[in-house]
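Chemist: If you scroll down you'll find the structure; I have some questions about it.
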Amino acid sequence: MPRYFTLDEANITLEIIRPLVREALEIRTKLLELQPELAPVLQNILGNGGNLAGSRAAIEFDRLHSLITQINATGAQLKDINSGLVDFLARREGRDIYLCWRYGEERVSHWHDLDTGFAGRQAI
């Protein structure tokens with residue numbers, strides 16, 4: 001069953017989520033820095049080769065997967081790793097919505113309908 005959040009619950013959960021998202025964004029940056037080294041690794045993998053960049057990337061991907069799992073275990077949903085966008089399922093005026101938070105914001109202060117995404121974001 002999905003977890004529904006009140007605004008207060010979402011903001012309390014940010015205390016858990018914020019450092020996880022920060023670390024996920026740091027890993028994303030590391031992986032982007034490794035990208036030029038990874039193209040040859042992919043070719044080597046086809047021939048049972050490998051290299052240090054591939055090993056580092058695998059470690060970072062594993063850590064990133066763990067962080068996403070931890071975030072999602074709270075009931076929140078990491079929607080965009082590029083901007084650190086997290087949604088919290090909630091109810092408003094009898095319908096399901098998402099409370100919306102982006103890394104760098106102090107608190108959850110926006111919401112949007114389930115089908116509008118970030119583009120439909122409105123201040124609470």
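The values are calculated or read from the model by the stated rules, or taken from the named source; none is laboratory data. Source: prediction; values computed, not measured. So basically every Cβ, Gly included, is an ideal-geometry build from the backbone, and we count neighbours across all protein chains shown.
Chemist: List the number of the failed condition for S55; all other conditions in (1) in contact with a strand residue (DSSP E or B) (Cβ under 6 Å, 6 or more places away or on another chain); (2) at pLDDT below 95 hold.
Modeler: (1)
Chemist: Any idea which of (1) loosely packed, with under 13 Cβ neighbours inside 10 Å; (2) under 17 Å from the mean Cα position of the chain (by Cα); (3) at pLDDT 95 or above; (4) not hydroxyl-bearing (S, T, Y) is the one D96 doesn't satisfy?
Modeler: (2)
Chemist: Please enumerate the residues belonging to region 99-111 that are more than 15 Å from P19 (Cβ to Cβ) and either among the hydrophobic types (A, V, I, L, M, F, W, C) or buried (at least 19 other Cβ atoms within 10 Å of the Cβ) (or both).
Modeler: Keep residues of region 99-111 that are more than 15 Å from P19 (Cβ to Cβ), which gives 99-100, 102, 107-111.
Selection gives L99, C100, V108, W111.
Chemist: Kindly check whether there is at least one residue in region 2-25 that is more than 29 Å from A123 (Cβ to Cβ), loosely packed, with under 12 Cβ neighbours inside 10 Å and either in contact with a Leu (Cβ under 8 Å, 6 or more places away or on another chain) or at pLDDT 85 or above (or both).
Modeler: Initial filter on region 2-25 (more than 29 Å from A123 (Cβ to Cβ)): none.
No, there is no match, as no residue in region 2-25 is more than 29 Å from A123 (Cβ to Cβ), loosely packed, with under 12 Cβ neighbours inside 10 Å and either in contact with a Leu (Cβ under 8 Å, 6 or more places away or on another chain) or at pLDDT 85 or above (or both).
Chemist: Moving to a separate point now. Out of (1) loosely packed, with under 12 Cβ neighbours inside 10 Å; (2) of a type in the set (S, T, N, Q); (3) under 14 Å from T13 (Cα atoms), the odd one out for Q70 is which?
Modeler: Unmet condition: (1).
Chemist: Please go through region 79-97 and give me each residue that is more than 27 Å from L32 (Cβ to Cβ) and part of a strand (DSSP E or B), ordered by number. Step through it out loud before you land on a result.
Modeler: Applying the first criterion (more than 27 Å from L32 (Cβ to Cβ)) to region 79-97 yields 88-97.
Listed by number, the residues that qualify are F88, L89, A90, R91, R92, R95, D96, I97.
Chemist: With the structure loaded, tell me whether Y103 is among the hydroxyl-bearing types (S, T, Y), under 23 Å from T29 (Cα atoms) and in contact with a Gly (Cβ under 9 Å, 6 or more places away or on another chain) or whether it fails that test.
Modeler: Yes.
Chemist: Only residues in region 102-117 that are of a type in the set (S, T, N, Q) count as the first member; pair them with residues that are surrounded by fewer than 17 Cβ atoms within 10 Å (Cβ to Cβ), Cβ under 8 angstrom, at least 6 apart or cross-chain, and list the lot.
Modeler: That search, which allows pairs on different chains as well, returns S109/A123; S109/I124.
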